[in-house]
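Below is one structure; the comments refer to it alone.
The values are calculated or read from the model by the stated rules, or taken from the named source; none is laboratory data. Fair warning: this is a prediction, and the values are worked out from it, not measured in the lab. Ideal geometry is used to build each Cβ from the backbone, glycine not excepted, and the neighbour counts take in all protein chains shown. Just so you know, the surface numbers come from the protein's heavy atoms only, side chains and all, with ligands and any DNA or RNA stripped out. Shrake-Rupley method; radii C 1.70, N 1.55, O 1.52, S 1.80 Å.
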Amino acid sequence: MDSVFSNVVRAPEDPILGVTVAYNNDPSPAKLNLGVGAYRTEEGKPLVLDVVRRAEQQLVNDPSRVKEYIPIAGLADFNKLSAKLILGADSPAIQESRVATIQCLSGTGSLRVGAEFLKKHYHQSVIFIPKPTWGNHPKVFNLAGLSVEYYRYYDPATRGLDFQGLLEDLGAAPSGAIVLLHACAHNPTGVDPTSEQWEQIRQLMRSKSLLPFFDSAYQGFASGSLDTDAHAVRIFVADGGECLIAQSYAKNMGLYGERVGALSIVCKSADVASKVESQVKLVVRPMYSSPPIHGASIVATILKSSDMYNDWTIELKGMADRIINMRQQLFEALQAKGTPGDWSHIIKQIGMFTFTGLNKEQVAFMTKEYHIYMTSDGRISMAGLSSKTVPHLVEAIHAAVTRVA
Amino acid sequence: MDSSFSNIVPAPEDPILTVYFASRDDPSPLKLNLSGGSYRSEEEKPLVLQVVRRAEQQLANDMSRDKEYLSLDGLAEFNKLSAKLILGDDSSAVKKNSVVTIQCLSGTGSLRVGAEFLAKHNQERVIFVSNPTWGNHPNIFSLAGLSVEYYRYYDPKTRGLDFKGMLVDLGAAPSGAIVVLQACAHNPTGVDPTLEQWEQIRQVVRSKSLLPFFDNAYQGFASGNLESDAQAVRMFVADGGDCLIAQSFAKNMGLYGERIGALTIVCTSEDVAKKVKSQLLLVVRPMYLSPPIHGASIVTTILKKSDMYNDWTVELKGMANRILSMRKQLYEALQARGTPGDWSHIIRQIGMFSFTGLNEKQVRFIAKEYHIYMNYDGRVSIAGLSSKTVSQLADAIHAAVTRMA
């Protein structure tokens, strides 16, 4: 019998996954995986936070807990606590019940549900995303039915923000267009606007009625401070306008595989928020009925207990500090070696990733000669570095920059 | 500033939820909620299987476990074991590697991912579902981009299968159309074809080149036997043709809230299966990136250890037997009261639900006078009954049938 699927073509492999596959196949003991998008310890190992293990033990050992379906919008206390985390405990938007928060499958799930909601209910179906952005963003929005446009963001000449270009492109966007903003620790560049720049962005967007959609995947993980990393989101919410926020606990609580996140939609009134929530549920139910209970229960357990919350902030700061330390070490080592070029962007950029500025050929050279794996756009994961491996990376960068154009 | 969302109307309330809220808000101490879709013990409580608690403890106490992202297709061992569970240990399709299985979010998620794949790659975009079917089916398929048609299924006169109507409607379907078949324990009717009828259905489906998409949410939960409940699916797979299977562990492992299931696509060759898998990953990645780890780990732990597997089959049979016992008790109670009508369908139907045959007026009467809540289409959850409450329900049905048309 012929298969109805015989004409299905093989899909192209995901470039980021391809890096890990190549790394796994490399027999060299010196190999270094800087493509990974998950935190690694100084020993190069994945990390499960102590407070997460404690919370999980507590949950699993509680015989009164059941595994019934949770509501379509997810766990109520998880949603409340997540909104408080990103918006601030004293947020008027929360006090006025203007925020609809729905538990979703980490950042990706929150983006997809939000995008499907906008496609169905918002008058504009174009979304502007920064150039460059996380590789999955365009697909998430396209499959939701939105059309994707780009705004200038990264300036290769400075390895920083093309602020002029950003303002021009957002200024030229059609009124009401949706705009994706990375709340902090831009992926893949590590380049974030300053507070002053955020304020200008906010003013421009509000004047053009552009709808902000924040991707908040690194709150607390970038600077080490949860409040600092929420600053951009909060200035937008403080002006009374509307926005969407996709929140992820993958990195800041190390809950990658549990798929926990939340979509918050800040509305003008409680009445609108309530109607919005009812419509978002209609997006969720035919997608997966209701979200998974485990990860959300862990997050809620931690956020609602003040000692667990404090312990979490300490472990979170520990991760952020280690990454900042790696940046410092890498920069200083390149300085010490006299590697040509200005490498200050390494300590100016923030978060898990650095856009080194290395080109495709240099990256390929580093992989071949030094067994260092990164994506071809020159992005490295600082989380994948350790004090022991910084020298090896510096050797490789120095060689690439001096020998390969 | 006006809200961007001021024109949004509140979503219509889910009819099942309406019933749930009415039962929740009823102050009567006698109230009984038979509208839900999850199993209740004889003590009328939700049940977490002992083997599930054991597995979960084991996982939580294993310090070597981490919470890294699963790959896009989920936990590999889970996928293998799930395929074997539904297809059988000796399945030649599995041996030939022509089967692709990916972990999804329970049954709903498996249906949605499969439907999105089909909307993109199948020649025909029409999908036939039974009349009636689970309330969420049409929404899942429409949102995936398929158009939904119905085939006759339930015969209200016999409270059984309209087999002739079903064969005629399937026979009239366009070649290549997709057909949703509930593998066992049809929701909402409880009416399943016999094996002989399944064979005739198979022949019609194959002769018209219809593509079967099995919704397998109750394996082991219907008859108490995992093999028996898989027979319809295996009959189709044995003939060498293509099919899709959405598998859920919500009911048979009581893992409702963990959202754990699998989508299996049986192809005709290993090569096609590989290509199909690569395309499925393109559906998953922009939806939620990768599935959640917890539920899959619990299922894997249980399925791979023969003592846990055996313990599971014992607890599963216990649940199925309790439901069969409730059916028998209800039937006998109605016989004992001399309730007018033929109530044998209660013991002929199978699975969690029974289509009582009560009309909406009778259902509302029962809610008002007897504080017993069921769906307006007359569906009751037999799993929600206990020996203590059977007589209450029998009294209610008797009153409704004798006093209301």
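Per the Kirkwood formula on distinct C-alpha pairs, the Rh of the protein assembly as shown is how many angstrom? Intermediate results must be reported in sequence, preceding the final value.
Working: mean 1/r = 0.0355 Å⁻¹.
28.1 Å is the Kirkwood radius here.
The range B:21-71 and the range A:159-173 have Cα centres separated by 51 Å. DSSP beta bridges fully contained in the protein assembly as shown are about 50 percent antiparallel.
Computed over the Cα atoms, what is the radius of gyration of chain A divided by 2.2 N^0.38 Å, N being its residue count?
Details: Rg = 21.6 Å, N = 405, 2.2 N^0.38 = 21.5 Å.
Against the empirical 2.2 N^0.38 Å value, I get 1.00 for chain A.
Each principal axis of the range A:1-130 carries a Cα extent, and these read 56, 44, 42 Å when sorted largest first. Per-residue shielding of A:272-284, expressed as the average number of other chain Cβ atoms within 10 Å of the residue Cβ, stands at 4. Exposed loop sites are taken as GluC sites (Glu not before Pro) in a DSSP loop (any state but H, G, I, E or B) with at most 11 other beta carbon atoms within 10 Å; the longest stretch of chain B without one runs B:44-405.
Hydrophobic long helices, here whole DSSP H runs in chain A with Kyte-Doolittle means of at least -1.0 and Cα atoms spread over 24 Å or more along the helix axis, are found at A:270-288, A:306-337.
For chain A, what is the relative contact order in percent, using Cα pairs closer than 8 Å and at least 6 residues apart in sequence?
On the way: 732 pairs, mean separation 101.5, N = 405.
Relative contact order comes out at 25 percent.
When every Cα-Cα distance of the range A:159-268 is counted in 10 angstrom steps from zero, the calculated P(r) takes the values 14, 47, 32, 8 percent.
The distance separating the Cα centre of the range B:276-299 from that of the range A:124-147 comes to 21 Å.
Counting only trypsin sites (Lys or Arg not before Pro) that are in a DSSP loop and have at most 12 other C-beta atoms within 10 Å, tell me the longest site-free stretch of chain A. Intermediate values should be presented prior to the final figure.
On the way: sites that count: A:10, A:388.
Between the exposed loop sites, the longest stretch runs A:11-387.
Over all Cα atoms in the range A:53-120, the spread is summed up by Rg and Dmax: 14.8, 43 Å.
Bridging of residue A:304 to aspartates and glutamates at a Cα separation below 13 Å is possible for A:77, once same-chain residues fewer than 8 apart are set aside.
Buried between B and A is an accessible area of approximately 6800 Å², summed over both sides with a 1.4 Å probe.
Quick one: plug the Kirkwood hydrodynamic radius of the range B:254-405 (C-alpha pairs) into Stokes-Einstein at 10 °C, 1.306 mPa s, and report D in µm²/s.
Working: Rh = 19.0 Å.
Result for D is 83 µm²/s.
How many times 2.2 N^0.38 Å is the alpha carbon radius of gyration of the range B:196-322? Please list the in-between numbers first.
Working: Rg = 16.3 Å, N = 127, 2.2 N^0.38 = 13.9 Å.
Normalised by 2.2 N^0.38 Å, the Cα Rg of the range B:196-322 equals 1.18.
Evaluated at 4 °C with a viscosity of 1.567 mPa s, what Stokes-Einstein diffusion coefficient in µm²/s does the range A:275-375 have when Rh comes from the Kirkwood expression over alpha-carbon pairs? Answer, rounded: 71 µm²/s. For the range A:23-42, the residues whose backbone nitrogen is under 18 Å from a point 7 Å from the Cα of residue A:403, taken along Cα to Cβ, are A:28-32. With the convex hull of its Cα atoms as the shape, the range B:1-59 has an orientation-averaged projected area of 8.9 nm². The share of alpha-carbon pairs in the range B:137-260 lying farther apart than 16 Å comes to 64%. Ranked by the mean number of other Cβ atoms within 10 Å of their residues, highest first, the peptides A:91-97, B:231-237, A:222-228, A:351-357 come out as A:351-357, B:231-237, A:222-228, A:91-97.
With 20 Å as the limit, the listed pairs A:31/A:368; A:80/A:119; A:80/A:268; A:139/B:120 have A:80/A:119 beyond it between alpha carbons.
The chymotrypsin sites (Phe, Trp or Tyr not before Pro) of the range B:313-405 include none that DSSP puts in a loop with a beta carbon having at most 13 other beta carbons within 10 Å. Please work out, to two decimal places, the log10 of the ratio I(q)/I(0) at q = 0.16, 0.18, 0.19 Å⁻¹ from a Debye calculation in which every Cα of the range A:97-202 carries one identical scatterer. Summing over Cα pairs of the range A:97-202 leads to -0.77, -0.96, -1.06. Counting Cβ atoms of other protein chains within 10 Å of each residue's Cβ and taking the mean over peptide A:259-265 gives 2.
Look at where the Cα atoms of the range B:350-405 and of the range B:235-270 average out, and the two centres are 33 Å apart.
Scaling the Cα radius of gyration of the range A:37-77 by the globular reference 2.2 N^0.38 Å produces a ratio of 1.67. Every Cα-Cα pair in the range B:1-134 was counted, and those over 20 Å apart are 74% of them.
With the Cα gyration tensor of the range B:120-205 in hand, give its eigenvalues times 5 under a square root as the equivalent ellipsoid semi-axes, listed largest first in whole angstrom. Let's see the in-between values first.
Working: eigenvalues 92, 49, 22 Å².
Taking √(5λ) for each eigenvalue gives 21, 16, 11 Å, largest first.
Here, the range A:206-328 is characterised by an Rg to Rh ratio of 1.01, where Rg is the alpha-carbon radius of gyration and Rh the Kirkwood radius. Within 10 Å of the Cβ of each residue in B:101-110, the mean number of Cβ atoms contributed by other protein chains is 3.
Per residue, the convex hull spanned by the Cα atoms of chain B measures out at 176 cubic angstrom. Check the straight Cα-Cα distances from residue B:388 and name the lysines below 26 Å, setting aside those fewer than 8 residues away within the same chain. Cross-link targets: A:67, B:31, B:45, B:251, B:317, B:328, B:361, B:368. Measuring how big the range A:342-394 is from its alpha-carbon positions, Rg and Dmax come out at 10.8, 29 Å.
Global dimensions of the range A:4-68 from alpha-carbon coordinates: Rg and Dmax equal 19.9, 51 Å.
Quick check on chain B: helices-only [θ] at 222 nm, where DSSP H runs of length 4 and up contribute -39,500 (n - 2.57) each and the sum goes over total residues. Nearest 500, please. It would help to have the intermediate numbers written out before the result.
Details: 16 runs with 191 residues, N = 405.
So the helix-based figure for chain B works out to -14500 deg cm²/dmol.
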